[in-house]
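Input: a single structure, listed below in structure tokens.
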Amino acid sequence: MTDSFNPGNRLIVALDVATRRRADDLINRLGDAVSWLKIGLELFVAEGPSIVRHYIQQNYRIMLDLKLHDIPATVEQASRRVANLGAELLTVHAGGGRAMLEAAVRGAESTSQLRILAVTALTSLDQSDLAEVGIAATMDDLVLGRARLAVTAGCHGVVASPREATRLRAAIPDRFLLVTPGVRPRGSHADDQKRVMTPEQARAAGADLIVCGRPIRDATDPAASARAIIAELAASK
Ligand code: C5P
């Protein structure tokens, strides 16, 4: 694994659509404005691994957001398959434990381009949800503890909400990637995201890459929306 990660223009567009046709439509409207795409469970389950190859062949960089959580041997093999597909970022749940995270990293090491991002805690959970699944820690401590685990297990980064970005950035090494969804350009709708930051704020809080979906997908001019975010990211920090 080389240390030099090039974040490109720092914007990852979430392809939150159900079919390749819809994804292609969005990408055609984006033109050459973006370089990073996030493929999540819906599109991956609907279209299979060929959707990843399809966009890599078109020179896009891929974050595969599968949030893997299984026994280490299974995650290692899945990670190896993702590495062979050519994706550059793969998400796994930090809650799967050290051995699982190390296995994901081993799988990624079968190629030089794949990096493992740990999801610390789903942003859909609150403190009472944690208690219900037997976790007594506060959400802040859980997120920080899992981020530290991800670092020592050899992962390459974490996915975190903008709310957590500043605190995490101070606690993790500079080279460790911080990827932040929940980002909204100034003046756009928050949708169901409860705590949003502008791209500029997320970058200032230490995000290396930001994930943005609906504000681009649902814009009248998605390319203009993406370009405005990229310009904001380039200007900040
Ligand atoms: O449309 P929006 O910009 O809110 O999309 C954000 C994307 O990031 C979605 O694909 C969502 O699933 C994902 N995500 C998130 N919060 C997390 C992890 C992933 O919003 N903690």
request  = Please give the number of the condition GLY206 fails out of (1) touching a Leu at 6+ places or on another chain (Cβ under 9 Å); (2) surrounded by fewer than 18 Cβ atoms within 10 Å (Cβ to Cβ); (3) not aliphatic (A, V, I, L, M).
outcome  = (2)
request  = Identify the residue in segment 11-52 that is touching a Phe, Trp or Tyr at 6+ places or on another chain (Cβ under 8 Å) and not aliphatic (A, V, I, L, M) and, among all such residues, is farthest from the ligand (Cβ to nearest atom).
outcome  = SER35
message = Condition (residue is touching a residue at least 12 places away in the same chain (Cβ under 8 Å), more than 10 Å from the ligand (Cβ to nearest atom) and either in a loop (DSSP other than H, G, I, E, B) or of a type in the set (Phe, Trp, Tyr) (or both)) applied to segment 137-152: is it met by at least one residue?
response = no
ask   = If you check THR180, THR198, which single one turns out to be within 14 Å of the ligand (Cβ to nearest atom), among the polar types (S, T, N, Q) and buried (at least 24 other Cβ atoms within 10 Å of the Cβ)?
value = THR180
message = Under 6 Å between Cβ atoms, which residue pairs at least 6 apart in sequence (or on different chains) link something in segment 200-214 that is under 11 Å from PRO185 (Cα atoms) and basic (Lys, Arg) with a partner that is within 11 Å of the ligand (Cβ to nearest atom) and at pLDDT 95 or above?
response = none
task = Report yes if some residue within segment 2-16 is among the basic types (Lys, Arg) and surrounded by 20 or more Cβ atoms within 10 Å (Cβ to Cβ); otherwise report no.
result = yes
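The values are calculated or read from the model by the stated rules, or taken from the named source; none is laboratory data. This is a predicted model, so every value here is computed, not measured. Cβ: placed from backbone, ideal geometry, glycine included. Neighbour counts: every protein chain shown.
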